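Worksheet: the structure to be examined is printed underneath.
The values are calculated or read from the model by the stated rules, or taken from the named source; none is laboratory data. Small disclaimer: the values here were computed from a predicted structure and weren't measured. Positions of Cβ are generated from backbone atoms using ideal geometry, with glycine treated the same way; all protein chains shown enter the neighbour counts.
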Amino acid sequence: MHRFLIATLLACVVAPVSGFAHKIWLLPSQTAFSGNDPWLTVDAAVSNDLFYFNHFPLTLRGLKIVAPNGSIVEAENQHELKYRSVFDLPLTQRGTYRVAVVMDGAFASFMADGERRRWRGSADELATGIPENAENVQITESITRVETFVTNGGPTNEALTASGRGIELIPITHPNDLYAGETAKFQMLVNGEPASDLKVTVIQGGTRYRNTQEETELTTDAEGKLAISFSEPGMYWLSTSTSDEDTSIPQATSRRLGYTATLEVLPQ
Amino acid sequence: MTRLLCTLVTVAFSVAAYADEAPKTFDVSVEIPKLNVSEYHRPYIAVWIQDSNRKAVANIAVWYQMKDSKEGAGTKWLPDLRQWWRRSGRSLEMPVDGVSGASRPAGKHTISLPVSDSRFKVLSAGKYELIVEASREVGGREVVSIPFQWPLSAGQSMKAQGSDELGEVVLSAGSPK
């Protein structure tokens, strides 16, 4: 079962290269919270349609939640269901939480026993994952960040600082301060550096109820910045990917990077 | 007749005198319409002043369910007052003295604040808007605004009419000291 899921995730990560694309996403129950004891609940899934869990659950092994004070907090009630994973998070601090699933690993393709085989796992498992008689071994490092942002009370920025690994979104407009009819600005980073010429796709949820994806294609400028005009309120999926040779795994020859964020745009 | 003329002149003078004097109070009247619905909950209502950049500069009132509950005396639903939440609410620690109040039944409700209130001290002369936002559980949401010039002149009165969740909203400047 896990092997199967891994293969699915691999397909997702490879998707921008191979041309078919499942979308990976987190869907927060809401993004603006108040009250004495607010709880966030999140669906995490892999699907073609936004935001409908009808294909595969997203594994929560890479779940990493940064609290408003910068500390890492654990989600409660984590479950992997048939078509989606779920988890809850009590928002005990005031401010903005960065909720992410980060898949950080490697995949390999090689010839062994006369057939082409594929493997995927963490960097540590590489040595044991590939048989000794493997030939034509191609190892690719892979980092995909799937995230969303929620705020209890007023928006804060402490949780939104770059980790410096993979593709990241740095707010110019706060990701929990998005409103229909306004333009939001973000900066995209790769390894903590501004990423220019990155192709970014933005799609509004609710694809089941329209005929076309209606995606917006944007390209980051020389400083890695992009401006998105949100005409309607709703949940939006932002996605980008790239590849380079800047690997941190010695045996890897190339690196694939993916990023998706779910952003809620509120009505005026 | 002469006596009547004299009286009229006196009245005219006193109105003129009013206009020159600062009003004593900043009065807001908010009408919550009576709705014929099967499930009715009193609306949450926020009243605030924003400047020409839509920055909230003074909170006049926020009425919500203040009874203690596990979920925090109704504060859980304050983001439903979504403009107010964005402009002010989300950065406040509720309740706020002199602003927070219990939700009100249908009818006309008046808030009268002395112009000497500290909230008005931050207002420099210029254009502002009085905003009233209402949001009702299992109901709708509505925003009504009244543009005004600060400082107000005594006797001034401005009206706006809501259509669903709000009735008549009146901003008036009370008589001078």
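Kindly indicate whether any position in segment A:74-94 is away from chain B (no Cβ under 14 Å), aromatic (Phe, Trp, Tyr), over 27 Å from residue A:253 (Cα atoms) and assigned to a loop (DSSP other than H, G, I, E, B). Among the residues of segment A:74-94, at least one is away from chain B (no Cβ under 14 Å), aromatic (Phe, Trp, Tyr), over 27 Å from residue A:253 (Cα atoms) and assigned to a loop (DSSP other than H, G, I, E, B), which makes the answer yes. Being under 30 Å from residue A:211 (Cα atoms) and either within 14 Å of chain B (Cβ to nearest Cβ) or modelled with pLDDT of 95 or more (or both) is a property that holds for residue A:24.
Is it the case that segment A:251-264 has a residue that's aromatic (Phe, Trp, Tyr), within 14 Å of chain B (Cβ to nearest Cβ), in contact (Cβ under 8 Å) with a residue 24 or more places away in the chain and at negative phi?
Taking segment A:251-264 as the starting set, the residues that turn out to be aromatic (Phe, Trp, Tyr) are A:259.
Next, from what is left, pick out any that are within 14 Å of chain B (Cβ to nearest Cβ): none.
Looking for residues that are aromatic (Phe, Trp, Tyr), within 14 Å of chain B (Cβ to nearest Cβ), in contact (Cβ under 8 Å) with a residue 24 or more places away in the chain and at negative phi, one finds none in segment A:251-264, hence no.
In this entry, residue B:154 is excluded by the filter for residues that are within 17 Å of residue B:28 (Cβ to Cβ), part of a strand (DSSP E or B) and away from chain A (no Cβ under 12 Å).
Filtered by the rule that a residue be surrounded by fewer than 17 Cβ atoms within 10 Å (Cβ to Cβ) and either within 12 Å of chain A (Cβ to nearest Cβ) or in a loop (DSSP other than H, G, I, E, B) (or both), segment B:90-104 gives B:91, B:93, B:95, B:96, B:97, B:98, B:104. Just wondering, is there one or more residues in segment A:121-139 that are in contact with a Gly (Cβ under 8 Å, 6 or more places away or on another chain) and part of a strand (DSSP E or B)? Checking segment A:121-139: at least one residue is in contact with a Gly (Cβ under 8 Å, 6 or more places away or on another chain) and part of a strand (DSSP E or B). For segment A:148-181, which residues satisfy the criterion of being away from every other protein chain (no Cβ under 14 Å) and charged (D, E, K, R)? Scanning segment A:148-181 gives A:158, A:165, A:168.
Could you list, in sequence order, the residues of segment B:61-73 that are surrounded by fewer than 21 Cβ atoms within 10 Å (Cβ to Cβ) and either within 12 Å of another protein chain (Cβ to nearest Cβ) or not in a loop (DSSP other than H, G, I, E, B) (or both)? Residues satisfying the conditions are B:61, B:65, B:68, B:69, B:70, B:71, B:72, B:73. Candidates A:222, A:252: the one that is in a loop (DSSP other than H, G, I, E, B), of a type outside the set (Val, Ile, Thr) and either surrounded by 19 or more Cβ atoms within 10 Å (Cβ to Cβ) or in contact with a Pro (Cβ under 6 Å, 6 or more places away or on another chain) (or both) is A:252. Residues in segment A:233-249 that are out of contact with any Gly (no Cβ under 8 Å at 6 or more places or on another chain), closer than 11 Å to residue A:143 by Cβ and buried (at least 16 other Cβ atoms within 10 Å of the Cβ): A:242, A:247, A:249.
Which residues, taken from segment B:105-126, are touching a strand residue (DSSP E or B) at 6+ places or on another chain (Cβ under 6 Å) and either among the charged types (D, E, K, R) or within 14 Å of another protein chain (Cβ to nearest Cβ) (or both)? Matches in segment B:105-126: B:108, B:119.
The residues on offer are B:120, B:148, and the sole one that is more than 23 Å from residue A:34 (Cβ to Cβ), under 16 Å from the mean Cα position of the chain (by Cα), part of a helix (DSSP H, G or I) and not hydroxyl-bearing (Ser, Thr, Tyr) is B:120.
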